[in-house]
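What follows is a single structure, written as structure tokens, with notes after it.
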Amino acid sequence: MRFAPSPTGMFHVGGARSALQNWIYAKQQGGVFVLRVEDTDAARNKPEWTEGILSALDWIGISRGSYEGPYFQSQNAGEHRAAAARLYDSGRAYYCDCTREDVQARTGSQYQGYDGYHRDRGLGPGPGHALRFRTPDEGATVVVDLIRGEPTFENKLIEDFVIARGDGSPVFLLANVVDDMTMGITHVIRAEEHLPNTPKQQLLWDALGVKPPVWAHVPVVVNEKRQKLSKRRDKVALEAYRDEGYLADAMRNYLMLLGWAPSGDREIVPWSVIEDEFRLDEVNPSPAFFDEKKLRAFNGEYIRALPVAEFVDACQPWLTGTGTIAPPPWQPEEFDADAFAAVAPLAQTRIAVLSEIVSNVDFLFLASPLIDEAAWTKTMKDGSGELLDDAVAAFEALASWDAESLKSTLEAVGAERGLKLGKTQAPVRVSVTGRTVGLPLFESLEVLGRERTLTRMRAARLRLV
Ligand code: GLU
């Protein structure tokens, strides 16, 4: 089994899904998982994309050192050329110097494939001469696919496709086959997008005299409009989900549900269950909907299931701004680990992605809260100033600064004005945290402390004069 990404951009979630499926299948079959970086498209490949793929794989549990490779396709260039030469020498391929315009002029159509013009003209190698595979005129190519049955392609409908360019460099179709052959790959599990390539590739296996692998084309991943996930339109990069605070366990569980489900009515299951129960041949061939909302909800559940200490650890990159994560709005010396630990259990039940921790706790660490002006305007009505005056006076008089006392005190202040607790809380919350929503207010005030709470309420009161 192998995973063979092309490092041409961020790591696509669909790629991550195929990698996991290969990984599990290899484990189940007692096979070897090989990572091969298909880096032959020099114009589009960048080393940093390769590094990104390796670290994203590592993140979802395909850790460096636990697989064979990474190998690089470019290192096998000699084999690719040798295979092209073998196909030419055996008459299975021929040279052609037709341009696209030449073919169009002859066929009268820009949609028609190559017309086989050079099949028997005996053109030799030379600059600008592409090498084309001579596809059989008759018969059909049957692809044995664990997910799709036996898709059958009539050979006469497959054009004589290019296997090496005019400069002699082999194209993806050939390089990919030769690498799989050299590495002894028995199963190719890859995206459905490659299915049209498969009959051509299988013809190459046959022509090179090696038994083709078993194929499994896993379903295309689509957005809510049933469009193929695209990096221009959709959030597709695994790294982006990681940096936003998705947990690796939630992510890999969700990715495995794209086209497959564990037994029973379960979706959220331990990884060991997925490793046991996953069956490649049970994967549904229809397009798989990547539902970001569902993934978010999943992640929230995974976050809530963490022991608090692990949750606190998991939040650290967002609290400190490590790696590729943007620094929080407070200075490192303003951060107070004890205060964070005190509110962490409250935050844990409320956030769906870890990056949301920042806006939930920033009021604790900033000298003054970041006021959301729209929230302020919406909340501060006539009478809010007087209410704050009363609340400040009542809070000043409190003997014990604890959530319980704060709550009953503010409740009494509101009751005097015929206000429910929710309405009474709102101006206090905006004064102290800058927002209308957040952690439970009274616990927050307890942790923030008397002095800072009162200073903020007084400052808000002054703004209302
Ligand atoms: N490099 C190809 C891709 O990223 C791999 C195709 C394959 O898995 O055979 O799409």
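Here the spin labels are modelled as points 7 Å beyond Cα on the Cα-Cβ line, and at residue 297 and residue 399 they lie 4.9 nm apart.
Amide H contacts for residue 144 (H built 1.01 Å from N in the peptide plane; partners 5 or more residues away or on another chain; cut-off under 5 Å): 215. For the stretch 325-389, the equivalent ellipsoid derived from the alpha-carbon gyration tensor has semi-axes of 26, 14, 13 Å in decreasing order. When Rg and Dmax are taken over the Cα atoms of the stretch 1-122, they come to 19.7, 54 Å.
Distance from the C-alpha centroid of the stretch 42-92 to that of the stretch 158-182: 14 Å, rounded to the whole angstrom. In summary, the aspartates and glutamates within cross-link reach of residue 46, defined as a Cα separation below 13 angstrom excluding same-chain residues under 8 places away, comprise 38.
State to the nearest 20 debye the size of the charge dipole of the stretch 7-61 about its Cα centre, where the only charges are +1 on K and R beta carbons and -1 on D and E beta carbons.
Working: 5 positive and 6 negative charges, 45 e Å.
Taking the Cα centre of the stretch 7-61 as origin, the dipole is about 220 debye.
Rounded to 0.05, the FRET efficiency of the residue 281 and residue 210 pair, given R0 = 22 Å and the Cβ-Cβ distance, is 0.40.
With one equal scatterer per alpha carbon and no solvent term, the Debye-computed log10 I(q)/I(0) for the stretch 357-412 at 0.13, 0.24, 0.30 1/Å reads -0.48, -1.09, -1.03.
Here the stretch 254-334 is described by how far its Cα atoms reach on the three principal axes: 54, 27, 19 Å, from widest to narrowest.
Over all directions, what mean area does the Cα convex hull of the stretch 173-219 project, stated in square nanometres?
Computing the convex hull of the Cα atoms and averaging its projections yields 2.8 nm².
Look at the dipole of the stretch 293-339 built from charges on Cβ: of 314, 327, 303, the Cα furthest out on the positive end belongs to 303. Of 235/294; 231/293; 225/294; 294/378; 27/294, which ones are farther than 25 Å apart at the Cα? Too far apart for the 25 Å limit: 294/378; 27/294.
Taking GluC sites (Glu not before Pro) as exposed when their DSSP state is a loop state and no more than 15 other Cβ atoms lie within 10 Å, the longest site-free interval of the chain runs over 268-465.
Note on the stretch 319-380 and the stretch 1-31: Cα centroid distance 36 Å, given to the nearest whole angstrom. Quotient of the Cα radius of gyration of the chain and 2.2 N^0.38 Å, N being its number of residues: 1.36. Overall, the stretch 231-330 carries a charge dipole of about 500 debye about its Cα centre when +1 sits on the Cβ of Lys and Arg and -1 on the Cβ of Asp and Glu, all other atoms neutral. Every pair of different Cα atoms in the stretch 223-267 enters the Kirkwood calculation, which places the hydrodynamic radius at 12.2 Å.
Its residues counted as N, the stretch 280-388 yields a C-alpha radius of gyration over 2.2 N^0.38 Å of 1.43. Modelled this way, with points 7 Å down the Cα-to-C-beta line, the labels at residue 51 and residue 119 are 5.1 nm from one another.
Close amide H pairs (under 5 Å, H built 1.01 Å from N) link residue 37 with 71, 72, 73, residues at least 5 positions away or on another chain. Stokes-Einstein diffusion for the stretch 314-465 at 20 °C, viscosity 1.002 mPa s, with a Kirkwood radius from C-alpha pairs, works out to 134 µm²/s. For the stretch 292-348, chymotrypsin sites (Phe, Trp or Tyr not before Pro) are listed when DSSP marks them as loop and at most 15 other Cβ atoms sit within 10 Å of their Cβ; the list is 335.
Quick check on the chain: helices-only [θ] at 222 nm, where DSSP H runs of length 4 and up contribute -39,500 (n - 2.57) each and the sum goes over total residues. Nearest 500, please. Kindly include the intermediate steps, with their values, before the conclusion.
Details: 19 runs with 212 residues, N = 465.
That comes out to -14000 deg cm²/dmol.
Largest first, the extents of the alpha carbon coordinates of the stretch 8-74 on the three principal axes equal 37, 22, 19 Å. Under a model in which nothing but the beta-carbon of Lys, Arg (+1) and Asp, Glu (-1) is charged, the chain shows a dipole of about 940 debye around its Cα centre.
When the chain is described by a simple charge dipole with +1 on each Lys and Arg Cβ and -1 on each Asp and Glu Cβ, the residue from 368, 181, 128 located farthest towards its positive end is 128.
A P(r) calculated from all alpha carbon pairs of the stretch 210-367, with 5 Å bins opening at zero, reads 1, 8, 15, 17, 17, 13, 10, 8, 5, 3, 1, 1, 0, 0, 0 percent. Computed on the stretch 97-157, the Cα convex hull volume stands at 125 Å³ per residue. Summarised as an ellipsoid, the stretch 138-191 has semi-axes of 22, 19, 8 Å, derived from the eigenvalues of the Cα gyration tensor scaled by 5 and square-rooted, with the largest first. Ratio of Rg to Rh for the stretch 45-192: 1.03 [Cα atoms; Kirkwood radius as inverse mean 1/r over pairs].
Since every read-out is calculated from the coordinates, none of them should be taken as a lab result. This is a predicted model, so every value here is computed, not measured. Every residue, glycine among them, receives a Cβ derived from its backbone with ideal geometry; neighbour counts consider all protein chains shown.
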